[in-house]
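The values are calculated or read from the model by the stated rules, or taken from the named source; none is laboratory data. None of the values given here were measured: they were computed from a predicted structure. When we count neighbours, we look across all protein chains shown, and the Cβ atoms used for this are built from the backbone with ideal geometry, even at glycine.
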Amino acid sequence: MLDKLGFRKLHEVGITGKGVKVVVADTGVYSSHPMLYGKVKGEVSFVPDEPVTDLCGHGTSVASIIACLAPDADIYSVKVLDKDGHGYLGWILHAYDYSISIGADVMNMSLGSPINCCVSSIAMAHYRAVSYGVIPVYAVGNYGAGRVSCPAMVWGSVSVGSSNLDGDPASFSSCGAGCLGDPKPLCMEYGGGDDYCILTAWSPESVLFRSETVCIRGTSQATPIFSSIVALTVQMMRDKEGVKPNNNDIVSWAYQSTGTRVRCGGAGVVDAYRYVITAKSVGVGTWFLARFLEGLRSLITNKDVLKSILMFTPAPWYIKAIIYSHIVGGGGGHS
Amino acid sequence: MDYLVVVVRFIVHCWNKDSYNKLVELLQTKGASLGIRLLSKLPQLNTVVVEMDPDKVGKLYSTGLVRLIEASYPFGLESV
């Protein structure tokens with residue numbers, strides 16, 4: 001994973017997620033695990049009658065992926081699912097409240113519900129957290145094609161699917177339209193597919209099965225991979241460029257960094273190195289331009305038609321060149 | 001048993017911070033007499049979690065402090 005998705009190249013130049021606060025809203029984290037020791041800076045449980053530690057194992061699995069790919073990020077465990085991996089909206093909402101209160105940069109949610117939540121308190125919580133600078137990253141769900149999980153369906157949110165080794169979506173990975181028709185998932189990562197699983201930490205205190213590691217798959221595992229990419233990008237933009245990216249920047253860069261379109265229209269598998277380079281090159285605040293170009297791209301499929309339109313467009317040649325390269329090239333053209 | 005009392009957990013989302021503060025005060029002082037139990041507070045979201053008979057939903061809306069009331073539906077993890 002470190003090499004396949006370009007993480008190692010970023011680590012070698014000091015982009016490791018240092019100083020970035022990542023909330024893991026899950027079943028808790030077994031923070032004494034060798035892969036996580038010293039990396040969990042805060043723990044809280046909103047599950048009644050359960051301690052902060054992970055009695056399931058899932059949260060430990062998710063946190064260990066972040067600890068590996070963004071090794072200097074500060075992890076905050078918010079327990080909102082119980083030992084069986086179940087929770088309620090009333091518990092889940094605490095993750096947003098907590099993330100805002102600590103000034104979190106990224107909030108990883110490898111959880112979901114099959115209900116429609118386009119107009120709901122979780123959608124309100126999402127937009128409120130985003131307005132405070134939190135970047136929520138959601139698992140798109142494991143329902144296959146045609147059904148997207150809540151809260152991944154919320155319009156404009158960062159949702160992550162899981163891909164097979166060949167880059168095609170895994171059969172279980174949800175895809176479809178979000179609340180206002182936007183393609184979900186936004187992007188994919190190698191979180192385990194039909195042909196492989198990934199080795200992660202597990203909680204030895206789990207009531208499901210006691211183990212220190214597990215080979216597991218799902219959009220739950222793909223999500224922390226992208227959360228790690230976001231953490232590294234936040235650090236790079238904050239330290240090198242002096243700006244803090246927001247949710248819309250993260251969405252925009254996903255499309256611009258891959259330049260590919262896959263089933264359901266998402267951005268495909270995102271490479272960490274390419275993503276960070278795109279963020280640095282493009283900069284913040286390009287979300288509206290990206291959405292505009294995205295719309296144009298879907299309307300104009302014929303290159304000759306596009307050339308004709310641009311020829312008669314009263315704009316400087318370099319503006320036309322940028323528009324043409326974005327539409328025909330399918331992205332920012334960074335490599 | 002002559003009847004069954006159903007108590008459901010609800011998410012109560014207030015209009016703003018002022019509404020939230022007034023609702024929390026109302027529930028803390030008169031919650032028991034209203035039959036509404038305050039379970040937890042989410043001050044950053046102007047939201048509270050309560051436990052009550054679904055028949056009381058209208059009573060909460062009538063306070064004018066509440067924007068949305070939603071039952072606390074289930075969630076689960078996304079691994080296969």
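Tally time: how many residues in the stretch B:43-66 are over 10 Å from the mean Cα position of the chain (by Cα), within 14 Å of chain A (Cβ to nearest Cβ) and either in a loop (DSSP other than H, G, I, E, B) or among the hydroxyl-bearing types (S, T, Y) (or both)?
So the count comes out to 1.
Restricting to the stretch A:229-245, count the residues that are under 16 Å from the mean Cα position of the chain (by Cα) and not in a helix (DSSP H, G or I).
Count: 1.
Being touching a residue at least 40 places away in the same chain (Cβ under 8 Å) and of a type outside the set (S, T, Y) is the filter; apply it to the stretch B:17-42 and report the residue that is farthest from the other protein chains (Cβ to nearest Cβ).
Here the answer is B:K22.
Going through the stretch A:210-228 one residue at a time, which ones are within 13 Å of chain B (Cβ to nearest Cβ) and either within 12 Å of the chain's Cα centre (by Cα) or not charged (D, E, K, R) (or both)?
Matches in the stretch A:210-228: A:V214, A:C215, A:I216, A:G218, A:T219, A:S220, A:Q221, A:A222, A:T223, A:P224.
Return the pair list, or none, for Cβ contacts closer than 6 Å from residues in the stretch A:21-32 that are within 14 Å of A:A104 (Cβ to Cβ) to residues that are assigned to a strand (DSSP E or B) and among the acidic types (D, E), at least 6 apart or on different chains.
That search, which allows pairs on different chains as well, returns A:K21/A:D74.
Could we say that A:T27 is assigned by TED's automatic domain parsing to the domain that holds A:T223 and either under 24 Å from B:E70 (Cα atoms) or basic (K, R) (or both) here?
So A:T27 fits the description; yes.
Run down A:P169, A:P136 and say which single residue is buried (at least 21 other Cβ atoms within 10 Å of the Cβ) and at pLDDT 95 or above.
Testing whether each residue is buried (at least 21 other Cβ atoms within 10 Å of the Cβ) and at pLDDT 95 or above leaves just A:P136.
Pairs please, first residue from the stretch A:213-237 and outside the structural domain of A:A272 (by TED's automatic domain parsing), second anywhere and surrounded by 23 or more Cβ atoms within 10 Å (Cβ to Cβ), Cβ atoms under 7 Å, 6+ apart in sequence or on different chains.
none
Among the residues of the stretch A:9-38, count how many are assigned to a strand (DSSP E or B) and away from every other protein chain (no Cβ under 14 Å).
Within the stretch A:9-38, residues that are assigned to a strand (DSSP E or B) and away from every other protein chain (no Cβ under 14 Å) number 2.
Regarding A:S32, is this residue buried (at least 24 other Cβ atoms within 10 Å of the Cβ), of a type in the set (G, A, S) and in the same structural domain as A:G167 (by TED's automatic domain parsing)?
no
What are the residues in the stretch A:182-208 that are assigned to a loop (DSSP other than H, G, I, E, B) and either over 17 Å from A:D26 (Cβ atoms) or charged (D, E, K, R) (or both), if any?
A:D182, A:P185, A:L186, A:Y190, A:G193, A:D194, A:D195, A:Y196, A:C197, A:E205
Taking A:L180 and the conditions (1) at positive phi; (2) away from chain B (no Cβ under 11 Å), which numbered condition does it fall short on, given that it satisfies the others?
For A:L180, the exception is condition (1).
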